[in-house]
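> Dropping the structure in here first, questions after.
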Amino acid sequence: MLLDPAQIKRVMNSSKELDPNPFIHEMILGQMLGSPARTIEFYRNDNGRMDEKQMAHIRQHVTGTSLISMSRKVYERLSLNISRDISQHDDADWLGIPDLFSFVQNHVTVAITETLMGTDIIEQYPQMNADQWVFMDRSIEIVMGLPRFAISRAYDARDRLLTNFKRWNQTSEALRTAGKADPIWDASAGSGLMQERQELYAKTPGFDEDARASQILGLLFA
């Protein structure tokens with residue numbers, strides 16, 4: 001039996017069951033990232049306009065010269081952190097690494113976080129890297145709706161992340177408002193990508209401080 005490609009396209013486009021947005025909005029934004037109900041409702045009624053703005057903004061910062069600049073910052077932070085780690089050992093020529101995967105995972109995660117959000121948040125919240133991985137490793141179970149008592153460590157880690165992201169956003173916003181933040185990269189206010197992203201949300205109805213913290217968690221998870 002031959003199927004008409006045009007007919008298949010019409011079915012795909014008209015089927016509500018194949019629309020991924022309800023899952024993304026309710027299960028990912030709401031259940032996993034802890035976004036407020038008002039934010040989820042905003043996305044439902046926005047017809048994808050905010051999604052397009054978000055993607056266009058991300059592309060501006062991860063292509064061309066912007067990507068080169070960001071990659072250099074990641075390399076800079078990675079090199080500095082590894083050098084500092086090595087210098088803390090008595091034998092600078094040899095460093096025993098019992099778990100190479102964990103070593104690389106830790107340093108790469110921290111370097112990316114510092115590139116996006118600055119270095120101050122890591123200093124003020126040293127548990128951040130561990131909490132990120134506890135949350136990410138159990139994120140599927142959170143999406144499935146497992147109750148807090150079953151995976152309390154994952155929910156507690158997410159709560160700490162959101163609380164600290166909210167605090168970081170308040171600091172970043174205060175610095176930007178006062179004109180004291182370096183718009184390219186700032187140790188406290190973060191990268192240009194994060195500064196512009198948070199300003200976009202601040203100007204959009206439905207994105208209070210809790211919503212903006214959840215958006216940070218989603219970006220780091222991605």
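The values are calculated or read from the model by the stated rules, or taken from the named source; none is laboratory data. Bear in mind the structure is a predicted one, so any value in this text is a computation, not a measurement. No Cβ is skipped: glycine too gets one built from the backbone with ideal geometry, and neighbour counts run over all protein chains shown. The accessibility values were calculated without ligands, DNA or RNA, using every heavy atom of the protein model including side chains. Shrake-Rupley method; radii C 1.70, N 1.55, O 1.52, S 1.80 Å.
> Return yes or no: is F207 in contact (Cβ under 8 Å) with a residue 24 or more places away in the chain and assigned to a helix (DSSP H, G or I)?
No; evaluated as a whole, the condition is false for this residue.
> Go through (1) modelled with pLDDT under 95; (2) outside any helix (DSSP H, G or I) for A181 and report which single condition fails.
Among (1) modelled with pLDDT under 95; (2) outside any helix (DSSP H, G or I), A181 violates only (1).
> Would you mind stating whether W133 is in contact (Cβ under 8 Å) with a residue 12 or more places away in the chain, on the phi < 0 side of the Ramachandran plot, crowded, with 20+ Cβ neighbours inside 10 Å and among the aromatic types (F, W, Y)?
For W133, the condition - in contact (Cβ under 8 Å) with a residue 12 or more places away in the chain, on the phi < 0 side of the Ramachandran plot, crowded, with 20+ Cβ neighbours inside 10 Å and among the aromatic types (F, W, Y) - is not met.
> Here is a further query. Suppose we filter R212, R138, R197 for residues that are basic (K, R) and open to solvent by 60 Å² or more (accessible area, probe 1.4 Å); which single one remains?
R138
> Oh, and also: Scan segment 140-147 and tell me whether some residue there is among the aliphatic types (A, V, I, L, M), over 24 Å from V104 (Cβ atoms), in contact with a Ser or Thr (Cβ under 8 Å, 6 or more places away or on another chain) and in contact (Cβ under 8 Å) with a residue 24 or more places away in the chain. If you could, list the steps in order and put the result at the bottom.
Kept after step one, since they are among the aliphatic types (A, V, I, L, M), are these residues of segment 140-147: 140, 142-144, 146.
Add one more test, that the residue is over 24 Å from V104 (Cβ atoms), and what stays is 142-144, 146.
Applying the additional criterion that residues be in contact with a Ser or Thr (Cβ under 8 Å, 6 or more places away or on another chain) yields none.
Among the residues of segment 140-147, not one is among the aliphatic types (A, V, I, L, M), over 24 Å from V104 (Cβ atoms), in contact with a Ser or Thr (Cβ under 8 Å, 6 or more places away or on another chain) and in contact (Cβ under 8 Å) with a residue 24 or more places away in the chain, which makes the answer no.
> Within segment 155-191, which residues are more than 24 Å from G34 (Cβ to Cβ), open to solvent by 60 Å² or more (accessible area, probe 1.4 Å) and in contact with a helix residue (DSSP H, G or I) (Cβ under 7 Å, 6 or more places away or on another chain)?
Selection gives P183, I184.
> Oh, and also: Can you pull out the residues in segment 80-129 that are part of a helix (DSSP H, G or I), open to solvent by 70 Å² or more (accessible area, probe 1.4 Å) and within 18 Å of A213 (Cα to Cα)?
I112, Q124
> Ok, one more. Of the residues that make up segment 189-201, is at least one more than 23 Å from I112 (Cα to Cα) and free of Cβ contacts under 8 Å to residues at least 60 places away in the same chain?
Here is the first cut: in segment 189-201, the residues more than 23 Å from I112 (Cα to Cα) are none.
The answer is no, given that none of the residues of segment 189-201 is more than 23 Å from I112 (Cα to Cα) and free of Cβ contacts under 8 Å to residues at least 60 places away in the same chain.
> Would you say R38 is touching a Gly at 6+ places or on another chain (Cβ under 9 Å), open to solvent by 90 Å² or more (accessible area, probe 1.4 Å) and either under 16 Å from Q215 (Cα atoms) or part of a helix (DSSP H, G or I) (or both)? Don't jump to the end; show me each part of the working.
Numbers: touching a Gly at 6+ places or on another chain (Cβ under 9 Å): yes; open to solvent by 90 Å² or more (accessible area, probe 1.4 Å): yes; either under 16 Å from Q215 (Cα atoms) or part of a helix (DSSP H, G or I) (or both): yes.
Taking the combined requirement at face value, the residue satisfies it.
> Does I8 fit the bill of being of a type outside the set (K, R), modelled with pLDDT under 50 and either open to solvent by less than 100 Å² (accessible area, probe 1.4 Å) or outside any loop (DSSP other than H, G, I, E, B) (or both)?
yes
> Working only within segment 130-154, note down all residues that are small (G, A, S), over 14 Å from L33 (Cα atoms) and assigned to a helix (DSSP H, G or I).
Those that are small (G, A, S), over 14 Å from L33 (Cα atoms) and assigned to a helix (DSSP H, G or I): A130, S152.
> Let me ask something additional. For Q60, which of the numbered conditions (1) touching a helix residue (DSSP H, G or I) at 6+ places or on another chain (Cβ under 9 Å); (2) modelled with pLDDT of 95 or more fails to hold?
Evaluating Q60 over (1) touching a helix residue (DSSP H, G or I) at 6+ places or on another chain (Cβ under 9 Å); (2) modelled with pLDDT of 95 or more leaves (2) as the failure.
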